[in-house]
1. By per-residue mean of other Cβ atoms within 10 Å, what is the highest-first order of A:145-151, A:222-228?
2. Which distance in nm do the two modelled labels at residue A:62 and residue A:178 give, with both placed 7 Å along the Cα-to-Cβ direction?
3. Taking R0 as 41 Å, what FRET efficiency do you get between residue B:48 and residue B:104 from their Cβ-Cβ distance, rounded to the nearest 0.05?
4. Let me confirm one metric for peptide A:23-35, namely the mean number of other chain beta-carbon atoms within 10 Å of its residues' beta-carbons.
5. Take peptide B:35-45, look around each residue's Cβ out to 10 angstrom, count Cβ atoms belonging to other protein chains, and average those counts.
6. Work out the mean other chain Cβ neighbour count within 10 Å for the residues of B:5-14 and drop it here as an integer.
7. In nm, to one decimal, how far is the residue A:42 label point from the residue A:127 one, both placed 7 Å along Cα→Cβ?
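Derivation of every value follows stated rules applied to the coordinates shown; laboratory data play no part. Since this is a predicted model, take the numbers as computed values, not measurements. Note that each Cβ is placed from the backbone with ideal geometry, even for glycine, and that neighbours are counted across all protein chains shown.
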Amino acid sequence: VREDVRDRELGDLLEGAVGHLEPNPDERLARIRRRGATRRALRWTAIGTTLAMFLGGLGWSAVQFGGGRDRVVVGSLDPSTWTEYHRPVDNWSLRYPSQWNLQPYTLRCFSAGGEGALISNVRHHFEIVGDGCAPWDMRGLPPNLVVVEVGMSGAGPFGPFTSQPDSRFPLSLDDAKRVSDVHGEEPGEPFGAPQPRLYLPVSIQGQDYAVNSWLGRRASRLDREIVRRIVASIRFGRQAQEFPPDDIGPSPGAPPAPYPTGPYGYPAIMVSPPRGPVGTRVHVEGDGFTEPFWSQQSGTGGGYQISLERGLSGDCDRLAFQVGTYTVNANGHLTGDFVVPSTARCPEPDRIVEVVPGKWTIKIACAYCEMGDFEVTKD
Amino acid sequence: VPDGSAFEAFYRQNLTRIVRACALVTLDRTAAEDIAAEAFTRLWARWDLVNGEDHAGGFVFKTAMRLCYREMRRDRRRLAGDLDRADAIDQALARQDILSALAELSLRQRQAVVLRDWAGFETAEVGRLLGMRESTVRVHLARARERLRRELRVEEGSAS
């Protein structure tokens, strides 16, 4: 087997078996040339079609994401780059990234009128479909679109709401209801609006408002967190005076000196132990959490508190929500504890999944606040 | 438009060799001529992409061997060496012991021994043509030779 030697005797025997075969080359040559030429033409046609489709797709993408009017713009979490928008008529305000698009609107549906504003990461002028009661037309917009709408109840497509006691602030997107809109012949995604719609009813002094958020299926984590913070920045009437609108969230990459910065741009935390199996009790601690955001979120029982996430695992972003709590003292010293759970959730479709071994991201206070890592081990 | 005269010259020069190789693998002259024609059709369809006769030779041999393999897998009877249904020429071939012995080999063993010992390809080239590792080709080759020698009563050591 090791020697690569040709067995000539066997070769001669084989040659003797077929040596008399002399096919007539003229018998099939014309057919070979005709069929070969046809296949070559088909091949070049297929190549040309594929190339045309590819170039067409590139052109379409360039229009969608490049220089087109529906271009997605990148926002920042840095509060210093955010702009305040105030509507004196309704006396509400919010803050949003200055790079984003804000579109005030006035709608008239039957005899009821309403005013509001749309904030989006797409430079696009939104129109409603049909009369003043129809939904916003979001057809043809990029899949990473995100939109926040704040408006008086009855302004636009959203139905009348029952008056409730005054809402508590800051608002949280976690409290929003997931609503699936069905319209006409396009169930599930009416007129291009990403589904489900996150609907947050707000009541202030007998007046009902609606905060709607639409997150495209490819919306980035950054944009999702910006939406969360826009919603949290909404103030109505006197609440706008009590809570300074600057406190919309932490500033990544800007912890006060001399505190070290963690891998994700926030103040660094110590994780002890850094790894362990399900059931491990973990202590986190760090300095530099002097921004009001951190202390506002601590001890309230709301928000993310301490959560674990293992993203991009197949189609499932595993999130173990509120696995622990934390506190921040007056000097900005953060301490917290959590226990590694055995289960987590996948949001879409919503289901319970196991906490699998591997590196999990520790989030404190908000969905985008990635503070460090914890490695879940098998034993 | 590719050079038709160059293709025709190549076709006339290599048709017999391809047909004979396919006949040794399929043990069926009609199937061998059909497969050879299909292999040359595919070569002509890609003639503008192949570089020189070496490339063309490798392409047409490789295509022919793949078509043989597909044809044989499709018609399992030939794997068992069913020569009775062959035409007059095939029957003439079948009278020779070598074809009966070839019919006893597995398809891969048959391809390996035909390409190495009849066509004269190096073992590494046989591996490339059949899409298998060189070590695998050597194993197929050794088993095929051992069986052929036993069936044909050829003495060991006659290799040169």
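1. Numbers: A:145-151: 25.1, A:222-228: 21.7.
Top of the packing list down: A:145-151, A:222-228.
2. Computed distance between label sites residue A:62 and residue A:178 equals 3.9 nm.
3. Numbers: r = 43 Å, r/R0 = 1.04.
Rounded to the nearest 0.05, the efficiency is 0.45.
4. Working: counts 11, 2, 9, 1, 3, 9, 8, 0, 2, 14, 8, 2, 7.
The mean count of partner-chain Cβ atoms within 10 Å per residue comes to 6.
5. Numbers: counts 0, 3, 7, 3, 1, 7, 10, 4, 2, 9, 10.
Mean partner-chain Cβ count within 10 Å for B:35-45: 5.
6. Numbers: counts 0, 0, 4, 4, 0, 0, 5, 3, 1, 1.
Per residue, the number of nearby Cβ atoms from other chains is 2 on average.
7. In this crude spin-label approximation the distance works out to 4.6 nm.
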